[in-house]
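Scroll down for the structure; my scribbles are underneath it.
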Amino acid sequence: MLKSKKGIIKPTLDSDNLGLEIRRIQTIFTKAGLKEISVPSLLNSSDLVDFYGEDLKLRAYTTSDPVRGEQILRPDFTVPILLKHLRDNSLQAKYFYRGNVWRRQNFKSKIPNEQYQMGFELFDSKKAKSISSDVEAYLLINRILSKYKVNSVTGDVQVLTSAIDDLDISDYKKTSLKRHLWRPKRFMRLLDLYSKQKISGNNNHSFKSANLSLWKEKLLGIESFYGARTKTDIKERIEILEQELSQNLIARSEKNFLLKLMRFQSSLKEAPKSILSLSMVGGTFRKAIENFERRVELLSEHVDTKIVKFQVIYGLTTLEYYDGFVFGFQFDHGKYPPIAQGGRYDSLCSRLSKKGKSICAIGSMLRMDFLRKTLNYDKD
Amino acid sequence: MIRFGLPSKGRLKKQVENFFSERGLELVNAGMTREYLAEFKGEKKVQIILLASSDIPLEIKKGNLDIGITGRDLIFEKILDWRKCILELKQLDFGEANLIIGVPQFWIDVNYLDDLDEVAFFFRKKYSRCLRIATKYQNITREFLIDNQVTNFEIIESQGATEGAIVNGIADVIVDISSTGETLKQNKLKTIEDGTLLKSFASIFVNKKYYKKHKNDVELKRLLDQLVLVS
């Protein structure tokens, strides 16, 4: 039986079919020059919370241990592998992994709490090689899944961030917009707040509502300060708000362009040209589209990019920490969440690596539990 | 026998006793040495169990208690998906308390959650750490702040005297129960416009499974009639 009473797929791996499948995938990885890497299942909580934030604790299982402190059951492979890779001081490497990850799911979710994953991470020190490793990563998964009825969706976070970089606004505004790309509600609030023409008029931010010079006066009158946040910190923020309130707001045309871009979808083949026709094209954006175009060209040599879907914002809310090319593979019958998902995460690498060392990386995982379901689904 | 859990001490205990006496129910100790067990005078079918109000939610969930009175804040905090296993029978008009965010009064630039998020981000940049939030209500706080797109915060567990955590240097912000706002003022703290996490009060809760099975039992009906219908 694959299904327990509650409809949760049990993650035992004794099914012959799946065992064969794991070996087949392993062979593909090894032939592609990937080396197996293993990381512990118990990870130090504070390391992870530091860069995931408290969100992690909503999704991961935490364990208590009076000796070692709070430990977290491995919620994914990417971060522990990246940390290990950085500790080993290596630059270039190609790893594959297999094992369980544990994540809390809400009770409607079809994703099991304990799931068996296989996947890989490709590290490189040269940014120039990014496009070819993007293609390599996509093709690896494509080869593994070619015997199944799957379709794939791709996205590119860079298209959006480069468009934001090209806006005629301050770095402060660009940073906050990019920081909240992953939170649509907040992003739209910020976009409205920073625009010349505002829609909502009830922004939950002191940015517009407050009388900033009144605050400054008030601040002068306060004598007792305590805690880590100093009087200077507050003064600095008021000054930033004062400046940002009056300068460089987003023009209506720019805002419309961004909104159009976020809604954009087409076939991968058509995407670069169609995006360029959206107008409002600046230097950084053009560069991002050029890279995108080269990637599509390379991919077109191996796969029919007319049937690969492209959405600018694909995966923005679910694929945390990806910041470039992203992709997902889904079964045609659409019963399950994506069987494979992956993407580029260069900024996570630079955030965690030592100064002066730049590492680029792309990785992908396969949800083996859904593969098992389909093995049997096809058999039935 | 119906196992009925009640707070064993504090203001909530007194309020519960008042609530009972208004309904003609008198609590008497079950035995000389057994301070944590009691019964209603003249009612042998209800076993009163006195325990910490924060332990009541889990005991109802586990089925060690069939019914209980406690604060909604505790139910929300202790059992994340409580509606699956616990039924709220009646909301009571006492035990009012709001779970709120408290920041230092001199943070005059922080009036909304979006401000808090931005300050947390500046904290990360300047001090290379998250904004620390001390609270006894870790689960409610985490869920609320994430739902409202606040980032770069870290929750610090605080089992009491949370209002002192900022002065003590343990945290930058607190989340705590406040019924009048007096404690906040005394500690030179203020709350923010959209900073109410939960409006709490006492309620009568019952284990869902138990209720389904026993709702037509004479004893339970008699007890509920007295508690719920007469008001």
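A few comments on the model shown:
- By the beta-carbon count within 10 Å of each Cβ, the least crowded to most crowded order of B:Phe106, A:Phe327, fewest first, is B:Phe106, A:Phe327.
- Here is how the number arises for chain A: DSSP H runs of 4 or more residues each give -39500 (n - 2.57), the sum is divided by the residue count, and the result at 222 nm is -13000 deg cm²/dmol.
- Couplings 3J(HN,Hα) of the stretch B:61-68, computed from phi: 4, 6, x, 6, 10, 8, 8, x Hz, in residue order, whole Hz [Karplus 6.51 cos²θ - 1.76 cosθ + 1.60, θ = phi - 60°; x for Gly and Pro].
- Pairs of Cα atoms in the stretch A:24-137 fall into 10 Å distance bins, from 0 up to the last occupied one, in shares of 12, 37, 34, 16, 2 percent.
- Point-charge dipole on Cβ atoms (K/R +1, D/E -1) for the protein assembly as shown, about Cα centre, debye to 20: 1480
- Other residues within the sphere of radius under 11 Å centred on the Cβ of B:Glu193, judged by their own Cβ, net out at -2 (K and R +1, D and E -1).
- Under the combined filter of DSSP loop state and at most 15 neighbouring Cβ atoms within 10 Å, the stretch B:1-86 retains these chymotrypsin sites (Phe, Trp or Tyr not before Pro): B:Tyr36.
- Fraction of alpha-carbon pairs over 30 Å apart in chain B - percent: 35
- For the stretch A:20-98 and the stretch A:308-343, distance of Cα centres in Å: 20
- Ellipticity estimate at 222 nm from DSSP helix runs (n ≥ 4, -39,500 (n - 2.57)) divided over chain B, nearest 500: -8500 deg cm²/dmol
- Computed 3J(HN,Hα) for the stretch B:177-191, one whole-Hz value per residue from the Karplus formula 6.51 cos²θ - 1.76 cosθ + 1.60 where θ = phi - 60°, is 6, 9, 9, 10, x, 5, 4, 4, 4, 4, 9, 6, 10, 9, 9, glycine and proline marked x.
- Top of A:Glu270, A:Glu254, A:Glu239 by mean-square fluctuation, Gaussian network on chain A, Cα under 10 Å: A:Glu239
- Each of A:Gln92, A:Trp102, A:Gly119 was placed along the dipole of the stretch A:83-134 (beta-carbon charges, centred on the mean Cα), and the one lying farthest toward the positive end is A:Trp102.
- Under 5 Å between amide hydrogens, built in the peptide plane, is the criterion, and for B:Asn98 it picks out B:Ser178, B:Ser179, B:Ser200 among residues at least 5 positions away or on other chains.
- Top positive-direction residue, dipole computed over the protein assembly as shown with Cβ charges, set B:Thr183, A:Leu181, A:Cys360: A:Cys360
- Close amide H pairs (under 5 Å, H built 1.01 Å from N) link A:Ile250 with A:Ser195, A:Lys196, residues at least 5 positions away or on another chain.
- Unit charges on C-beta of K, R, D, E only; dipole of the stretch B:97-200, Debye: 340
- Set of lysines with alpha-carbon distance to A:Lys216 below 16 Å, sequence-local pairs under 8 removed: A:Lys208, A:Lys231, A:Lys235
- About its Cα centre, the dipole of the stretch A:169-251 is roughly 480 debye, where the only charges are +1 on Lys and Arg Cβ and -1 on Asp and Glu Cβ.
- Within straight-line cross-link reach of A:Lys309, lysines at Cα separation under 23 Å, skipping those fewer than 8 residues along the same chain: A:Lys147, A:Lys149, A:Lys260, A:Lys269, A:Lys273, A:Lys287, A:Lys335
- Summarised as an ellipsoid, the stretch B:30-90 has semi-axes of 24, 12, 9 Å, derived from the eigenvalues of the Cα gyration tensor scaled by 5 and square-rooted, with the largest first.
- Too-long pairs where the Cα-Cα distance tops 23 Å, listed order kept, from A:Lys57/B:Lys212; B:Lys90/B:Lys221; B:Lys41/B:Lys212; A:Lys178/B:Lys125; A:Lys185/B:Lys126: A:Lys57/B:Lys212; B:Lys41/B:Lys212; A:Lys185/B:Lys126
- For the stretch B:97-200, the alpha carbon convex hull comes to 90 Å³ per residue, rounded to a whole number.
- Kirkwood hydrodynamic radius of the protein assembly as shown, from inverse mean 1/r over distinct Cα pairs, in Å: 27.8
- Taking the longest Cα principal axis of chain B as reference, the axis of helix B:138-147 is set at about 60 degrees.
- The C-alpha atoms of chain B define a longest principal axis, and helix B:10-22 lies at about 40 degrees to it.
- DSSP-assigned coil residues among GluC sites (Glu not before Pro) in the stretch B:143-231, each with at most 16 further Cβ atoms within 10 Å: B:Glu193
- Listed by chain and number, the aspartates and glutamates placed with their C-alpha closer than 14 angstrom to that of B:Lys9 are B:Glu17, B:Glu35, B:Asp55; residues fewer than eight positions away on the same chain are left out.
- Exposure proxy order (Cβ contacts within 10 Å, fewest to most) of B:Ile69, A:Ile289: A:Ile289, B:Ile69
- In summary, the helical segments of chain A meeting the span-like criteria, namely a full DSSP H run, a Cα extent along the axis of 15 angstrom or more and a mean Kyte-Doolittle hydropathy of at least 0.0, are A:130-145.
- Against chain B, whose longest principal axis comes from its Cα atoms, helix B:113-127 is set at around 50 degrees.
Every read-out reported here was derived from the displayed coordinates using simple, explicitly stated rules and does not represent laboratory data. The structure presented is a predicted model; accordingly, all values stated were derived computationally and were not measured. Every residue, glycine among them, receives a Cβ derived from its backbone with ideal geometry; neighbour counts consider all protein chains shown.
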